[in-house]
Structures are given as C-alpha cells and as structure tokens.
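Beneath this line is the structure, given in structure tokens, with notes to follow.
The values are calculated or read from the model by the stated rules, or taken from the named source; none is laboratory data. Since the structure is predicted, the reported quantities are computational estimates derived from the model, not experimental observations. Cβ: placed from backbone, ideal geometry, glycine included. Neighbour counts: every protein chain shown. Protein only, heavy atoms only, side chains kept; ligands, DNA and RNA dropped before computing areas. Shrake-Rupley method; radii C 1.70, N 1.55, O 1.52, S 1.80 Å.
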Amino acid sequence: LSTAFDLAAAEYSPLNILVKDDVTGNVTAEQKANVEVIVEGNNHSYNGALLINGKSSRFATAGMTIQNFNFTGDDASITTDAYINLGIKGDTNTRYTSNVTVKDCTFSTTATKDVVAVKSYTGGDHNVNIIGCTVNAGMHSLAQFTNIEKGLKFEGCEVYSKNGLNLNNT
C-alpha cells in the first residue's frame, strides 16, 4: 500500500488503489498537488494506522479517499492513538491536509488504551468528510480535531463509542 502512495503522480490522478487483502502495519501517505487518491478497502481489515502527511502545503487540488475498510487493532498493533491520522503527532511539517474523505469504514479495537477513528494532530486541515462510518463500543471517539479551518462534514455515521466527537478549536 505504501508503494502505491509513493507512485502517485499527477499523470495518474485520480489514482485508484484496490486493496485485495488485509493490511497490517502503519502506512504514511503524502499528499501531492493535483493528485487525488482513492483507496478502496474492499471490506478488508486494516490493522494499523494510516498517517496522512499534508506536507504543510494545503494543496487545494490534492485529495484522499479511504473507503470500505474494517479498522481493527489491539495493544500490540496500535502504535498511535488513532487509526487515521491527519498530520503526524509532533511534526508540524505534516499539517494542513486537504480534501480527506473517510467513507463506509468500521472502527473497532480491543486495545486497553483509547483509540480514535480519525484525528487531526496539527490542525489547519481543509475539507474533511466522514460519511457512513460506524464506530463500535470500546473505541474512544469518531473524531478529534485540533483545528479544521474550512469544511467539515459528518453524514450518516453511527457512533457507539464513549466520547463521540471532540472538535476542540474547530
């Protein structure tokens, strides 16, 4: 999966990635100008974290759609406190993600620590959409955002976690 993100270039946009097996481990995806990436999970499990690097650029023409994954994990496999990370904790050079959509995903965990479905660590994000997702009991929350500067949409989600949403400065 990480190799596909590295290959993403404007001449391949939109780049459609069809996942044909379960995914284990963390993957970092760098956003690029004029590149839209659609990752179709095909209802496979994702046991790890997806870290989206906005490169402090706020690319208006970048896009990232993650859809149809079953995010799962336990204490051994979850190395961050969120499955989908907008920016990387402690690294302001990764902030300002743009046009990120999480669609029709399910989030579950057996970890003893709190795990969030989608979290913005660095703020300044634009156009974040969470559509048709389910967050099961045992999770911390559907979303925690430091600061969405423009465009935030939740649609058709079911949240059974203990905390729901934390919008902080959003």
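Taken over region 52-68, the criterion of being open to solvent by less than 40 Å² (accessible area, probe 1.4 Å) and without any contact (Cβ under 8 Å) to a residue 40 or more places away in the chain is satisfied by 62, 64, 65, 66, 67, 68.
For residue 108, the conditions (1) out of contact with any strand residue (DSSP E or B) (no Cβ under 8 Å at 6 or more places or on another chain); (2) within 19 Å of residue 159 (Cα to Cα) all hold with the exception of (1).
Look through region 83-106, keep the residues that are open to solvent by 20 Å² or more (accessible area, probe 1.4 Å) and modelled with pLDDT under 95, and return whichever of them is farthest from residue 143 (Cα to Cα). Explain how you work it out, then say what you get.
Here is the first cut: in region 83-106, the residues open to solvent by 20 Å² or more (accessible area, probe 1.4 Å) are 88-93, 95-96, 99, 101, 103-104, 106.
With modelled with pLDDT under 95 added as a condition, the list becomes 88-93, 95-96.
Working: 88: 15, 89: 15, 90: 18, 91: 20, 92: 20, 93: 22, 95: 17, 96: 16 Å.
Checked region 83-106; the qualifying residue farthest from residue 143 (Cα to Cα) is 93.
Of all residues assigned to region 70-82, at least one qualifies as being of a type in the set (Val, Ile, Thr) and open to solvent by 40 Å² or more (accessible area, probe 1.4 Å).
Just to confirm my filter: which strands (runs of 3 or more DSSP E) fall fully inside region 40-97 and include at least 2 residues that are in contact with a Gly (Cβ under 8 Å, 6 or more places away or on another chain) and either of a type in the set (Lys, Arg) or more than 10 Å from residue 121 (Cβ to Cβ) (or both)? Even if it seems obvious, please write down each step before you answer.
Details: elements: 50-53, 63-71, 82-86.
Strands (runs of 3 or more DSSP E) meeting the threshold: 50-53, 63-71.
Among the residues of region 18-39, the ones that are β-branched (Val, Ile, Thr), outside any strand (DSSP E or B) and surrounded by fewer than 21 Cβ atoms within 10 Å (Cβ to Cβ) come to 1 in all. Residue count for region 158-170 under the criterion of being farther than 15 Å from residue 119 by Cβ and in a loop (DSSP other than H, G, I, E, B): the result is 2. In summary, residue 150 fulfils each of the numbered conditions (1) open to solvent by 60 Å² or more (accessible area, probe 1.4 Å); (2) part of a strand (DSSP E or B); (3) closer than 26 Å to residue 43 by Cβ with the single exception of condition (3).
Residue 121 - would you say it is touching a strand residue (DSSP E or B) at 6+ places or on another chain (Cβ under 8 Å) and either of a type in the set (Lys, Arg) or loosely packed, with under 15 Cβ neighbours inside 10 Å (or both)? Write out each step before concluding.
Details: touching a strand residue (DSSP E or B) at 6+ places or on another chain (Cβ under 8 Å): yes; either of a type in the set (Lys, Arg) or loosely packed, with under 15 Cβ neighbours inside 10 Å (or both): no.
In short, no.
Within region 123-142, track down each residue that is assigned to a strand (DSSP E or B), free of Cβ contacts under 8 Å to residues at least 60 places away in the same chain and more than 15 Å from residue 164 (Cα to Cα). Within region 123-142, 127, 128, 129 qualify. Does residue 165 meet the test of being more than 16 Å from residue 70 (Cα to Cα) and open to solvent by less than 50 Å² (accessible area, probe 1.4 Å)? Criteria not met by residue 165. All of (1) more than 25 Å from residue 151 (Cβ to Cβ); (2) crowded, with 23+ Cβ neighbours inside 10 Å; (3) under 13 Å from the mean Cα position of the chain (by Cα) hold for residue 109 with one exception: (3).
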